[in-house]
Amino acid sequence: MDEGNSTKKTITMFGLIMMIFTSVYGFANTTVAYEQMGLASIVWYLFAAVFFFLPVGFMLAEYGSAYNEAKGGIYSWIEGAIGPRLAFTGTFIWLASWEVWLVSTSSKVWIPMSTFFAGHDTTQSWHLGGLSSTQTIGLLAVLWIIFVTFTASRGIDKISKFTSFGGTMMIILNVIFFVLSIAMIFLSGFHMAEPVHGISTFINSPNPEFASPIGMLSFIVYAIFAYGGLESMGGVTDSMKNPKKDFPRGILISAGIIAILYSLTIFFWGISTNWHDVIGKNGVNLANITYVMMSNLGYTFGTHIGMSAAAATTLGAWLSRFTALDMFVLYMGAFFVFIYSPLKSFILGTPKDFWPKKVTKLNDKGMPAYAMWMQAIFVCVVILAVDFLGGRNAKNLYAVLTLMANVATSVPYLFLVGAFPFFSMNDDIEKPYRFFKNKKFMWATSILVFLVVLFAIIFTLLEPIIEHAYMDAFWTILGPVLFGAIALILYGAYARHERNKNLN
């Protein structure tokens with residue numbers, strides 16, 4: 001037994017920092033931030049690090065250490081604090097956030113593929129018969145979901161090789177970005193493509209959609225999304241050599257590194273990318289922004305070292321192709337994991353007799369195949385509804401899909417943070433790791449973080465309503481509201497069934 005424990009407790013503080021970094025940091029988050037807010041996004045990313053990422057990290061550490069044996073993940077955490085009904089609802093909405101991710105990303109996944117072959121995004125010119133480009137992409141997204149579900153349900157032993165290859169390429173991509181950007185600082189005589197006009201540059205967005213106070217505040221959801229993924233770290237405290245000392249240090253160091261790296265990367269984009277010249281053009285949207293900006297970086301660097309316009313364009317196209325290949329590999333790895341992992345965790349975490357037997361049954365590869373195909377049908381229906389009924393151009397479509405994913409991902413944190421004080425005050429729950437030992441500090445932090453997430457979501461929904469974009473607001477809130485309602489109905493039916501069973 002001792003030997004098992006000694007081999008089990010293998011995660012060092014450095015190992016924890018690397019795990020947090022790989023699960024949280026996303027290079028594409030910086031291009032989305034720059035597209036939405038320009039250099040002004042830096043302030044909000046730092047704000048989200050201090051008022052969301054850090055405190056939530058410590059909360060999840062306490063949850064994870066108390067429920068380190070629980071298979072249900074966040075369901076077990078919330079249930080222990082505020083009961084099964086809210087736990088089921090919160091976790092169902094958490095599952096909804098992954099369903100929305102599958103919907104939004106299945107449409108985006110074709111952009112890196114087209115960029116890899118053509119050197120730039122050509123999807124907006126794709127047409128099948130009389131269908132528009134967004135409808136064509138919708139059909140391709142449905143085929144992608146079917147392909148991924150079919151493959152993943154038969155086991156995904158080799159997919160880790162995809163993700164490790166994509167991770168290595170992402171490191172190379174970051175190195176290329178920083179080397180070229182730093183070189184351009186000197187080559188341009190310390191002139192930035194995006195001019196800095198004092199402090200106002202870091203407050204006011206060049207994007208008219210985010211120029212209003214509510215627009216600016218709605219951007220917090222993007223910043224929260226950029227720091228998402230930390231909930232997967234909550235269960236590692238029992239595998240650490242010295243969790244009481246190393247976990248809080250690891251969280252602090254990770255938050256600092258990720259916040260600084262995000263801020264530096266966004267600032268460095270200003271060296272090569274003038275917002276109005278590059279991003280304010282037609283054809284640039286949230287799905288292809290990373291490839292557009294990398295291509296522009298290559299072109300701008302090429303012209304600064306004396307290349308001809310044609311050679312610089314070619315350099316930009318190849319840099320865009322490399323980025324696209326990397327993103328496609330990362331997308332594929334992520335899809336093979338997220339098509340089954342959240343669903344499996346939810347099904348195994350909730351009460352066994354809640355679901356029909358065929359839903360919980362695992363196939364010989366350990367996959368909930370029936371549940372995965374039910375999920376695939378649902379995701380495909382939503383994809384077709386959004387792409388065919390939305391009636392919008394590509395720029396608006398990807399903006400709404402991104403918002404849908406951001407809001408759906410942020411809502412479950414309301415349950416996790418809202419449940420935390422009740423978890424913390426419950427002395428019946430054994431807590432091997434405690435960060436919030438002072439009750440006043442714990443309550444103040446919980447309320448503050450809860451309000452930050454709540455108002456970020458409210459402002460995100462208010463913004464399209466004020467702009468009279470009612471369909472955008474509808475699609476943005478649909479996921480959490482629909483899944484919350486379904487969860488309450490399902491749990492109500494289950495509770496009635498249990499009561500009747502006990503009476504009999």
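Evaluate E = 1/(1 + (r/R0)^6) for I305 and L46, where r is the Cβ-Cβ distance and R0 equals 30 Å; express this FRET efficiency to the nearest 0.05.
Efficiency computed from Cβ-Cβ geometry: 0.35.
Counting only heavy atoms of protein chains, what accessible area per residue, in Å², does the stretch 335-440 have with a probe of 1.4 Å?
46 Å²
How many nm is it between the label spots at V196 and I171, if each spot is 7 Å from the Cα in line with the beta carbon?
3.0 nm
How large is the helix-only mean residue ellipticity at 222 nm for the chain, computed as the sum of -39500 (n - 2.57) over DSSP H runs with n ≥ 4, divided by its residue count, in deg cm²/dmol to the nearest 500?
-24000 deg cm²/dmol
If the viscosity is 1.567 mPa s and the temperature 4 °C, what translational diffusion coefficient in µm²/s does Stokes-Einstein give for the stretch 333-388 when Rh comes from Kirkwood over Cα pairs?
Stokes-Einstein gives a translational diffusion coefficient of 106 µm²/s.
Accessible area per residue of the stretch 198-320 at 1.4 Å probe, in Å²?
Here the residues of the stretch 198-320 average 38 Å² of exposed surface.
What whole-number distance in Å separates the alpha-carbon centres of the stretch 306-329 and the stretch 399-470?
40 Å
Within the chain, what's the longest run with no GluC sites (Glu not before Pro) in a DSSP loop and at most 16 other beta-carbon atoms within 10 Å? Give the range, please.
It works out to 70-429.
Could you state how much accessible area H127 has, in square angstrom rounded to the nearest 10, with a 1.4 Å probe and all protein chains kept in place?
Answer for H127: close to 110 Å² accessible.
What part of the accessible area of the chain, given as a whole %, is carbon or sulfur when the probe is 1.4 angstrom?
Roughly 68 percent, rounded to a whole number.
From the C-alpha gyration tensor of the stretch 162-276, pull out the three semi-axes of the equivalent ellipsoid (sqrt of 5λ each), sorted largest to smallest, in whole Å.
For the stretch 162-276, the semi-axes come out at 32, 21, 14 Å.
Using the basic label-point model (7 angstrom from Cα toward the beta carbon), what is the T22 to L143 distance in nanometres?
Placing both labels 7 Å beyond Cα along the Cβ direction yields 3.3 nm.
Just to verify a number: FRET efficiency for R249 and I489, C-beta to C-beta distance, R0 = 45 Å, to 0.05?
So the FRET efficiency works out to roughly 0.50.
What's the FRET efficiency of I429 with S212 using the Cβ-Cβ distance as r and R₀ = 35 Å, to the nearest 0.05?
Step by step, r from the Cβ atoms, then E = 0.20.
Going through the cross-link list K352/K439; K108/K281; K437/K501; K241/K439; K241/K344, which pairs have a Cα-Cα distance over 31 Å in this structure?
Over 31 Å Cα-Cα: K352/K439; K437/K501.
When all protein chains stay in place, what accessible area (Å², nearest 10, 1.4 Å probe) is found for L330?
Per-residue accessible area (L330): approximately 50 Å².
Binned at 10 Å from 0, what are the whole-percent values of the Cα-Cα distance distribution for the stretch 339-482, short to long?
P(r) for the stretch 339-482, in whole percents per bin: 9, 27, 27, 26, 11, 1.
Sticking with the crude label model, points 7 Å out along Cα→Cβ, report the distance from H276 to T314 in nm, one decimal please.
Result: 3.4 nm between the two label points.
List the residues of the stretch 459-492 whose backbone N lies under 20 Å from a point placed 7 Å from the Cα of M374 along the Cα-to-Cβ direction.
479-492
The values are calculated or read from the model by the stated rules, or taken from the named source; none is laboratory data. Note that the structure is predicted; figures quoted are calculated from it, not measured. Ideal geometry is used to build each Cβ from the backbone, glycine not excepted, and the neighbour counts take in all protein chains shown. In case anyone asks, the SASA skips ligands and DNA or RNA and just uses the protein heavy atoms, side chains included. Shrake-Rupley method; radii C 1.70, N 1.55, O 1.52, S 1.80 Å.
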